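Scroll down for the structure; my scribbles are underneath it.
We did not get these values from a lab; they are worked out from the coordinates using the rules stated. All of these numbers come straight from a predicted model, not from anything done at the bench. FYI the Cβ positions are ideal-geometry reconstructions off the backbone, even for glycines, and counts take in every protein chain you see.
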Amino acid sequence: MDFTKFVSLIDKKALWFTKAEVLSQKYDKFEGLYPNAYVTLLQKLAKDNTEKERLMTLFKNLKENRQMIIVNSWNISDYESAALWNLYLKSDEGVAIQSTFKRFTKCFDEYKDNDVHIGKIKYIDYNKDRIPLQNMFYPFMHKRKSYEHEKELRALILKMHDEPERKYWHMLEPHEKGRYIPVNLDILIEKIYVSPTSPAWFHEITESIVSKYNINKAVKKSHLDDDPIY
């Protein structure tokens, strides 16, 4: 993330969850949708026009889920990605948070408003593979193979009504791009890395900001900046 997003994270003590509809507009039109090939197959298998219309109504209703689901994404890998540093930074001043799956799942323990669903994205061929219909989250946990480089671990929240006594699903307002979800930063953050191309002063200012917010975590230079021994 860029430095401003990092400061926002530690200042608000919250992760930004983006509305799935926004992701579909900005990154992938198939976000949260079923593959065209699968929809076409089901239409062919339909017994009559009435059943075809019911199917299309079903898929159109499922499309509306993108208005209710918010998403937070991580890269899950044993190694940092040079490609992702380049993709997610607009300058040399960037930061990466290292966590673990266990830390990530535990950091939401104090958030009681809605369930947080966490899992690895499955990358499939949208021209031939299928996504099961049994669960409304399944389309949001699948992506086209073109995005496989992301190795995404995703957290999903289905936003419920903000009033505790009125528990029903609702769409986020059209103007809403997402929501901040509170997290325990001490649990979430294991280490903090600065960009491999960042100057020395940026490392120092990152350490200063981390100290001012009383976050007792090491700030390290990216391993991609390691020097050869000869």
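Computed about the Cα centre, the dipole magnitude for the chain is approximately 840 debye when only Lys and Arg (+1) and Asp and Glu (-1) carry charge, each at its Cβ. The alpha carbon radius of gyration of the range 3-225, expressed as a multiple of 2.2 N^0.38 Å, is 1.16.
Run lengths n ≥ 4 of DSSP H only: what is the helix-derived mean residue ellipticity at 222 nm for the chain, with -39500 (n - 2.57) per run over all residues, to the nearest 500?
It lands at -9000 deg cm²/dmol.
Taking θ as phi - 60° and the Karplus parameters 6.51, -1.76 and 1.60, the scalar couplings of the range 88-96 work out to 9, 10, 9, 8, 7, 8, x, 9, 10 Hz in sequence order, x denoting glycine and proline.
Taking the range 88-165, which GluC sites (Glu not before Pro) meet the DSSP loop condition and have no more than 16 other C-beta atoms within 10 Å? Provide the component values of the computation, followed by the final result.
Numbers: sites: Glu93, Glu110, Glu148, Glu150, Glu152, Glu165; in loops: Glu93, Glu110, Glu165.
In loop regions of the range 88-165 (DSSP not H, G, I, E or B), the sparsely surrounded GluC sites (Glu not before Pro) are Glu110, Glu165.
Each of Met1, Ile192, Ala20 was scored by the projection of its Cα onto the charge dipole of the chain, and the greatest displacement toward the positive side belongs to Ala20; charges sit on the C-beta of Lys, Arg, Asp and Glu.
Suppose we look only past 18 Å in the calculated P(r) of the range 52-184. What percent of the Cα-Cα pairs does that tail hold? Walk me through the intermediate numbers first.
Details: 5747 of 8778 pairs.
Tail of the P(r) past 18 Å holds 65 percent of the pairs.
Distant-in-sequence amide contacts of Asn75, defined by a placed amide H-H separation under 5 Å and a gap of 5 or more residues or a different chain, comprise Leu153.
State, as an integer percentage, the relative contact order of the range 3-225 based on alpha-carbon contacts under 8 Å between residues 6 or more apart. Don't skip to the answer; put the middle values down first.
Numbers: 322 pairs, mean separation 68.9, N = 223.
The value is 31 percent.
Comparing mean-square fluctuations of Pro132, Pro196, Pro174 from a GNM of the chain with C-alpha springs under 10 Å, the top value falls on Pro174.
Of Lys29/Lys145; Lys63/Lys120; Lys5/Lys151; Lys112/Lys143; Lys13/Lys212; Lys63/Lys128, which ones are farther than 23 Å apart at the Cα?
Values: Lys29/Lys145 14 Å; Lys63/Lys120 21 Å; Lys5/Lys151 21 Å; Lys112/Lys143 29 Å; Lys13/Lys212 14 Å; Lys63/Lys128 20 Å.
Result: Lys112/Lys143 exceed 23 Å.
Between the listed residues Gln98, Trp85, Tyr138, the Cα displaced farthest toward the positive end of the dipole of the chain, a dipole computed from Cβ unit charges relative to the Cα centre, is found at Tyr138.
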